[in-house]
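Structure record follows, encoded as structure tokens.
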Amino acid sequence: MVESEAQVMGEGAAGHATRWRAQGWWPFRKRSAKIRNPAEMRKWIAIWAIVTGLLIGFFDIPRPLDDGFQLVRDLARPHQYDGKTVIVAIDDRSLTELGVRDPLRSDDARLLDKLFEHGANRVVFDRAYADPSALAEDRKLLDALARHKGHVFIGSTPVMNFGFTSSQQLLTHPRFLGSAPMVSIMGYQGPFGFSWRLPTSSEIQGKQRPSISATLAGIDRVGAMYRPDLSIKPSDVPVYSYIDVINGRLSSERFAGKDVVVATANLFSPDRFRMPFVGLVLGSQLHAIGAQTLRERFPIDLGFLPSLLIAALFIWSQSRVRRPLRRHALGIAAILVVAPFALDLASIRVDVTAALVCLLIGWIRLRNLARTTYRGETALLRIEQLHSSRNAASCDVIALKIRNFATISAILSPREIERLLEKLQDRLHAAETKGQFAFDKDTFVWLRDKLPADEREDHLRGLHALFRTSIAVGTHMSDVAVAIGLDANYAQPLRERIEGAIQTAEDAAHNGSLFMIGEDTDDEDRAWRLGFFTELNAAIENGDLDILFQPKINLATGMIVGAEALLRWDHPTRGQIDPARIIQFAEEHNRIDTITRFVLDRALTEARKAIACNPAFKVAVNISALDLRDFGFAREIRDFLTQYDFPPGNLILEITETAPIENDRVAAALLAELKQMGLSLSVDDFGTGHASLHYLRQIPSDEVKIDRSFVSGMMESPEDRTLVRTAIEMIHSLGRVAVAEGVETAAVANLLREMGCDKAQGYYFARAMPMNELLPKLDAGVLAA
Ligand code: C2E
Ligand code: CA
Ligand code: CA
């Protein structure tokens, strides 16, 4: 007889799982934990994964999975049954023919005589004879037992405790006790019937009694458990009918030299089991298979610890690197899945689920951490990681902007870009040994110990010098143009300082400086920021706000083909205010729409005068990326055009801040809508910021303006020259018009013309001027040749 403990085990497992969850130990719950130090976090993740593996392994929670996997492996390598044990089944036919519900003891006596007559080796009753029957009947059996003494064994079960329940013990009745050795008939079924475990012996009435299988295999080992090898098919163990044996219907060769297990196998017998993938199995067949298993080699069951050790070592090693490698994790997982097949061949059993769970939890969490911490495949931090990293008052924040990042990324593949960033980081490491570098868009940012004020400039100059030589990535040699910003506003919160440093680097790039230092913003400046909105409205009302027009020239003909509207604010006390600053403030205060509306109003009104002179004249208006966040902007433009009766073909919208557009559906739809209305789009400041080739393709622009930071330095810098030439080719290859801004000398204008640039704009031709100054020049036609 074999009992099932499946239910008990299942309950146990569920119980533990709920307890963990209630205590908030559950590893998937700890999302909100603030990431401080990635290395520390990684260590905790590894510990977590390993402890989880240990706990679930210790409480045997993945038992069904491990057993199912074991069964699949067993079925995958069929193994021959050795035929040394056969079953005699007290089946329904026997009982019907005998006309009883249980064979009489005299029938059992006849059976024994018959079997030994056939030459059977030993006979084991897989039943207990727990109750006495009629004395005469029992006598006959006792006589038969005496005749075959030493060759017959009778089963019993130990008392079993499964925590709360204990099953009824089946014990041989004292009447038969001395007549045949007692054997244990216990076996344990795993949850869902995926597996079996058999003992080599059980303690019954204070003594260790060998199990059926150990007896048959002649194994003398106390209290060990093993799994019968289910690669031997239970159905290969022959089963003969009890009635056929006692009626002599079977030939002797079926029993000669064999061991026989006599077992009940009728419909009401509790000793029949269904196993997934295997089918109906008799307990006695399992004992027979167990006997063969023991005869061949005692199976070694290593449990979950060895595989967990491998997973734990791996996760631990991965927690020491910044980026876990998927290939390695897959490799370890593959080893954990494949190795058990090989070990099975040596009768070594291992459980791998706990290890796989440890691996999976550890790896997923390490990878997620890496994802939120680092950029792409590089070991560069994300900017947000810097926010919580240090005491802002005691450090300098440095931002290093790659001015030509867009151009470089257009040429390199994403992999090569990552390689390049790694190499750049290596260079930075030379000067900033302790730096933890973050990267965003086109800018490196890091914190460093506060520099003495008189050393700052030297340090920044040194940093800049690091990038004088070009960097090889793959087959490309990349010239990296950088501009550096240092934020020294020690009293500000770190988050603002980081943004400040980025902005300062941006300003340095714009001014064509190697570096700039953002000093403490004074109180007056802060007050001005706060009062900005009121001041802006007042300026519009007082007419302090104005726009000027800077001509755009057709390089081939030298004709003025249009003009860009540029904002001017002549402040009564502050004087001329840098328009870039106005725009920045307005964006910060969410007031950009006020400015855009003001500029459109003035530009359209004024431009109509120019169109009257030259119907092809196009006016260009700068719009902010913030304008593109709201689909209503398209309607507003349409209303403007109708209201001013302005031909859409004469309006160009220049778009600068480009990053959000790429991912933004509203912006994309909006741009398409604007385009449909018949006006032209222009990508401004190409080469700075985030305008990549891919991005250019996404924006349906008609023209692209190469940033003035490349154009103005063209004569001095061969690198800038190459970049401008490449940009022009790229713009043309996309079928767009190339415009160069910041043309300050005739030499640059000539060079651009040679390079095939279509249009140009700059101080060499004209500064921004009021419309009434521009109009006569339109009549004159040529501005400069
Ligand atoms: P932008 O769109 O790149 O405008 C061109 C800037 O380059 C103008 O600076 C112009 O005066 C300057 N510039 C023109 N030719 C040369 C040259 O040969 N050399 C040099 N070094 N600079 C030249 P400005 O007027 O100071 O405007 C700065 C930025 O402010 C503009 O850059 C634009 O982004 C923004 N901006 C100006 N007006 C508006 C506006 O009405 N709306 C919006 N949204 N932004 C505006
Ligand atoms: Ca512009
Ligand atoms: Ca520009």
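If we scan region 293-310, do we find a residue that is surrounded by 15 or more Cβ atoms within 10 Å (Cβ to Cβ), over 30 Å from Leu55 (Cα atoms) and hydrophobic (A, V, I, L, M, F, W, C)?
Yes, because at least one residue in region 293-310 is surrounded by 15 or more Cβ atoms within 10 Å (Cβ to Cβ), over 30 Å from Leu55 (Cα atoms) and hydrophobic (A, V, I, L, M, F, W, C).
Among the residues of region 728-757, which ones are in a helix (DSSP H, G or I), closer than 14 Å to Arg697 by Cα and small (Gly, Ala, Ser)?
Step one: list which residues in region 728-757 are in a helix (DSSP H, G or I), which gives 728-733, 746-755.
Subset that is closer than 14 Å to Arg697 by Cα: 730-733.
Result: Ser733, single match.
Read through the list (1) part of a strand (DSSP E or B); (2) buried (at least 20 other Cβ atoms within 10 Å of the Cβ); (3) of a type in the set (Gly, Ala, Ser), then give the number of the only condition that Ser409 fails.
Every listed condition holds for Ser409 apart from (1).
Does region 728-739 hold any residues that are in contact (Cβ under 8 Å) with a residue 40 or more places away in the chain and in contact with a strand residue (DSSP E or B) (Cβ under 6 Å, 6 or more places away or on another chain), and which are they?
Ile731, Arg736, Val739
Under 6 Å between Cβ atoms, which residue pairs at least 6 apart in sequence (or on different chains) link something in region 80-96 that is touching a residue at least 12 places away in the same chain (Cβ under 8 Å) and within 19 Å of Asp126 (Cα to Cα) with a partner that is surrounded by fewer than 20 Cβ atoms within 10 Å (Cβ to Cβ) and among the β-branched types (Val, Ile, Thr)?
Ile87/Val239; Ala89/Val239
Report yes if some residue within region 762-778 is at pLDDT 95 or above, surrounded by 15 or more Cβ atoms within 10 Å (Cβ to Cβ), over 30 Å from Arg635 (Cβ atoms) and within 14 Å of ligand 3 (Cβ to nearest atom); otherwise report no.
Yes, because at least one residue in region 762-778 is at pLDDT 95 or above, surrounded by 15 or more Cβ atoms within 10 Å (Cβ to Cβ), over 30 Å from Arg635 (Cβ atoms) and within 14 Å of ligand 3 (Cβ to nearest atom).
Out of region 152-172, which residues are surrounded by fewer than 20 Cβ atoms within 10 Å (Cβ to Cβ) and either among the hydroxyl-bearing types (Ser, Thr, Tyr) or at pLDDT 95 or above (or both)? Break it down stepwise before answering.
Step one: of region 152-172, the residues surrounded by fewer than 20 Cβ atoms within 10 Å (Cβ to Cβ) are 159-171.
Within region 152-172, Thr165, Ser166, Ser167 meet the criteria.
Here are the criteria: (1) over 21 Å from Phe640 (Cβ atoms); (2) among the hydrophobic types (A, V, I, L, M, F, W, C); (3) within 16 Å of ligand 2 (Cβ to nearest atom); (4) surrounded by 16 or more Cβ atoms within 10 Å (Cβ to Cβ). Tell me which single one Ala501 does not satisfy.
(3)
Tell me the residue from Arg725, Arg753 that is in contact (Cβ under 8 Å) with a residue 24 or more places away in the chain, within 27 Å of Ala505 (Cβ to Cβ) and either out of contact with any Ser or Thr (no Cβ under 6 Å at 6 or more places or on another chain) or within 15 Å of ligand 3 (Cβ to nearest atom) (or both), please.
Arg725
Mind checking which residues of region 190-242 are among the small types (Gly, Ala, Ser) and assigned to a strand (DSSP E or B)?
First, pick out the residues of region 190-242 that are among the small types (Gly, Ala, Ser): 190, 193, 195, 201-202, 206, 211, 213-214, 217-218, 223-224, 231, 235, 241.
Matches in region 190-242: Ser201, Ser202, Ser211, Ser241.
Let me confirm something: among Ala620, Ala610, Ala634, which residue is closer than 27 Å to Leu775 by Cα and more than 16 Å from ligand 1 (Cβ to nearest atom)?
Details: Ala620 fails: more than 16 Å from ligand 1 (Cβ to nearest atom); Ala634 fails: closer than 27 Å to Leu775 by Cα.
When all the criteria are applied, what remains is Ala610.
In the list Asp102, Asp82, Asp60, Asp67, which residue meets the criterion of being in a helix (DSSP H, G or I) and charged (D, E, K, R)? Step through it out loud before you land on a result.
Working: Asp102 fails: in a helix (DSSP H, G or I); Asp82 fails: in a helix (DSSP H, G or I); Asp60 fails: in a helix (DSSP H, G or I).
That would be Asp67, the only listed residue that is in a helix (DSSP H, G or I) and charged (D, E, K, R).
I'd like the full set of residues that are under 13 Å from the mean Cα position of the chain (by Cα), in a loop (DSSP other than H, G, I, E, B) and hydroxyl-bearing (Ser, Thr, Tyr), limited to region 329-377. Can you show your working first?
In the first step, residues of region 329-377 are kept if they are under 13 Å from the mean Cα position of the chain (by Cα); the result is 329, 360-374, 376-377.
Going one step further and asking which of them are in a loop (DSSP other than H, G, I, E, B), we end up with 376-377.
Listed by number, the list is empty, since nothing qualifies.
If you take the residues of region 725-757 that are acidic (Asp, Glu) and within 14 Å of ligand 1 (Cβ to nearest atom), which of them is surrounded by the most Cβ atoms within 10 Å (Cβ to Cβ)? Steps first, please.
Filtering region 725-757 for residues acidic (Asp, Glu) gives 729, 741, 744, 754.
Narrowing further to those that are within 14 Å of ligand 1 (Cβ to nearest atom): 741, 744.
Values: Glu741: 22, Glu744: 17.
For region 725-757, the residue satisfying everything is Glu741.
Among the residues of region 250-273, what is the count of those that are in a loop (DSSP other than H, G, I, E, B) and either closer than 16 Å to Asp113 by Cα or basic (Lys, Arg) (or both)? Let's see the steps before the verdict.
Within region 250-273, the subset in a loop (DSSP other than H, G, I, E, B) is 250-251, 255-258, 265-271.
Next, from what is left, pick out any that are either closer than 16 Å to Asp113 by Cα or basic (Lys, Arg) (or both): 250-251, 255-258.
Looking only at that region, the number is 6.
I'd like to check something: does region 485-497 contain any residue that is loosely packed, with under 14 Cβ neighbours inside 10 Å and either out of contact with any strand residue (DSSP E or B) (no Cβ under 9 Å at 6 or more places or on another chain) or touching a residue at least 60 places away in the same chain (Cβ under 8 Å) (or both)?
yes
Cβ-Cβ below 8 Å, separation at least six or inter-chain, first residue in region 423-446 and on the phi > 0 side of the Ramachandran plot, second not basic (Lys, Arg): which pairs?
These pairs meet every condition: Lys441/Phe405; Lys441/Ala659; Lys441/Gly689; Lys441/His690.
Within the set of pairs 6 or more residues apart or between chains, which connect a residue that is over 12 Å from Arg367 (Cβ atoms) and of a type in the set (D, E, K, R) inside region 312-329 to a residue that is surrounded by 14 or more Cβ atoms within 10 Å (Cβ to Cβ) and at pLDDT 90 or above with Cβ atoms less than 6 Å apart?
Final answer for the pair search is none.
Identify all residues within region 758-783 that are within 11 Å of ligand 1 (Cβ to nearest atom), out of contact with any Lys or Arg (no Cβ under 8 Å at 6 or more places or on another chain) and part of a loop (DSSP other than H, G, I, E, B); write none if there are none.
Here is the first cut: in region 758-783, the residues within 11 Å of ligand 1 (Cβ to nearest atom) are 760-769.
Retained after the next criterion (residues that are out of contact with any Lys or Arg (no Cβ under 8 Å at 6 or more places or on another chain)): 763-765, 767, 769.
Result: Tyr763, Tyr764, Phe765, Arg767.
Count, please, the residues in region 569-584 that happen to be more than 16 Å from ligand 3 (Cβ to nearest atom) and surrounded by fewer than 19 Cβ atoms within 10 Å (Cβ to Cβ). Give the steps one after another, and end with the answer.
Filtering region 569-584 for residues more than 16 Å from ligand 3 (Cβ to nearest atom) gives 569-577.
The next check asks that each one be surrounded by fewer than 19 Cβ atoms within 10 Å (Cβ to Cβ); those that pass are 570-576.
Adding up the residues that qualify gives 7.
Pick from Glu654, Glu673: which is within 16 Å of ligand 3 (Cβ to nearest atom) and modelled with pLDDT of 80 or more? Give the derivation first.
Numbers: Glu673 fails: within 16 Å of ligand 3 (Cβ to nearest atom).
Answer to the selection: Glu654.
The values are calculated or read from the model by the stated rules, or taken from the named source; none is laboratory data. For clarity, every value in this text was computed on a predicted model and none was experimentally measured. Note that we place each Cβ from the backbone using ideal geometry, even for glycine, and neighbour counts take in every protein chain shown.
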